2 protein chains.
Amino acid sequence: MAHTSALPAARSAAQDSDPDHDALMERLARAAAGYYRDLTAAAALHGLTMTQAKMLILLRRQPLPMRALAGRLACDASNITGLVDRLEARGLVSRHADAADRRIKNVVATEEGREAVRLICADMRGTSEAFARLDEEGRRSLYELLGRLHPEDTQETT
Amino acid sequence: MAHTSALPAARSAAQDSDPDHDALMERLARAAAGYYRDLTAAAALHGLTMTQAKMLILLRRQPLPMRALAGRLACDASNITGLVDRLEARGLVSRHADAADRRIKNVVATEEGREAVRLICADMRGTSEAFARLDEEGRRSLYELLGRLHPEDTQETT
DNA sequence: GTCATTGCTTGGCTGCATCAAGCATCTAAC
DNA sequence: GTTAGATGCTTGATGCAGCCAAGCAATGAC
């Protein structure tokens, strides 16, 4: 936290003035932990792991090549193979060789896979309730601030 | 929410009016992913896993019994044993039998452990830069909104 | 004392993550 | 074209993280 001493104001400054870097980090950490805890629990209700749920969520709108999935999930490409294997075995996604480049396998969520995403999101009660704690103005601000925190750079992958 | 009418308005509503539940969830997901990606990378610089880093962060202020760690990390108690084993083997934490109840082992971060936390937090450049994208007013709002999202209920554990 | 409860550990099993190595395909350069 | 390199995916090996069931030790209630 606020290091040695020297900065007496910083500590409880969080309440009113510019929140200290660490204080803000702590709250972001809490929000992140809450989100993942909720997602993990909701996914478990449907027999899925958090990582599997994250992948299905990425695929809900459009198919993605395995390579792109590795990028989005920030993990090694070799990881994706097993991940997709397990989801494919359960009929939630399928691989389709790309027409233009036969090295590429596009992973597409099946209807059952998309339905699983819907159910999981609906089961994320903790997060829904958290949002409900804000008024409309609060939700709008939060949405806007989070958008500024992480501008949607990592997008184009198709 | 406000979705009485069937169709088209809700979709891009995120831009201006009350952001729809899913749009807000998506941004929260992005923020959470960004935070953990950054934490994982920073921890890796010091040869630690994300989970190990999370545990050290929890212990930075005060010792906690293993049971409490399981609660905070939202995992099975049996998990903590191995986690603490590995950190203890590296001299970052140590176990101390509780004076009042000898079943309890309090886990305390060593000075080296606390130093590791400091270095890791300092290495979270991505998150720091994200905060820097907001002005002071933005940081204050975000801090306040995140505080309302997750009121600090889960606290007392000592 | 006895017995149920609580805190931690162990063992077994799965999934997730890494790396190194390999095959197939595409691209470019000759 | 043929070769050489780059790129996309898979495999195998290893370690960590997660769960569960089972066990021991200590506490607390009686």
Distances in nm between the label point of B:L119 (7 Å along Cα→Cβ) and its equivalents in the other copies, shortest first, are 4.6
Run the quick spin-label model on B:D22 and A:R125: label points 7 Å from Cα toward the beta carbon, then report their separation in nm to one decimal. 2.3 nm
How high is the FRET efficiency from B:E111 to A:E136, r the C-beta distance, R0 30 Å, rounded to 0.05? 0.05
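What does the accessible area per residue of region B:31-136 come to in Å², with a 1.4 Å probe and no ligands, DNA or RNA counted? Mind dumping the intermediate values first?
Details: 5330 Å² over 106 residues.
Per residue, region B:31-136 has an accessible area of 50 Å².
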Which of the lysines could a cross-linker span from B:K105 if the Cα-Cα distance has to be under 21 Å and same-chain partners fewer than 8 positions apart are dropped? B:K54
Name the residues of region B:27-73 whose accessible area falls by at least 40 Å² when all protein chains are present instead of the chain alone, probe 1.4 Å? B:R27, B:L28, B:R30, B:A31, B:A32, B:Y35, B:Y36, B:R37, B:R61
Could you work out how far apart the two model spin labels at B:H46 and B:A100 are, taking each label as a point 7 Å from the Cα in the direction of the beta carbon, and quote it in nm? 3.1 nm
Based on the Cβ-Cβ distance of B:D85 and A:A89, what FRET efficiency does E = 1/(1 + (r/R0)^6) give at R0 = 35 Å, to the nearest 0.05? 0.55
Taking a label point 7 Å out from Cα toward Cβ, give me the nm distances from A:G91 to the same spot in the other copies, shortest first, one decimal. 5.7
Along Cα→Cβ at 7 Å, what distances in nm separate the A:T40 label point from those on the other copies, shortest first? 1.4
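With a 1.4 Å probe, what is the total accessible area buried between chains B and A, in Å² rounded to the nearest 100? If you can, show how the numbers build up before the last one.
Numbers: alone 11340 and 11120 Å², together 16940 Å².
For chain B against chain A, roughly 5500 Å² becomes buried.
The values are calculated or read from the model by the stated rules, or taken from the named source; none is laboratory data. Model, not experiment: these values are computed from the prediction. Counting neighbours? That spans all protein chains shown, and the Cβs are built from the backbone with ideal geometry, glycine included. The accessibility values were calculated without ligands, DNA or RNA, using every heavy atom of the protein model including side chains. Shrake-Rupley method; radii C 1.70, N 1.55, O 1.52, S 1.80 Å.
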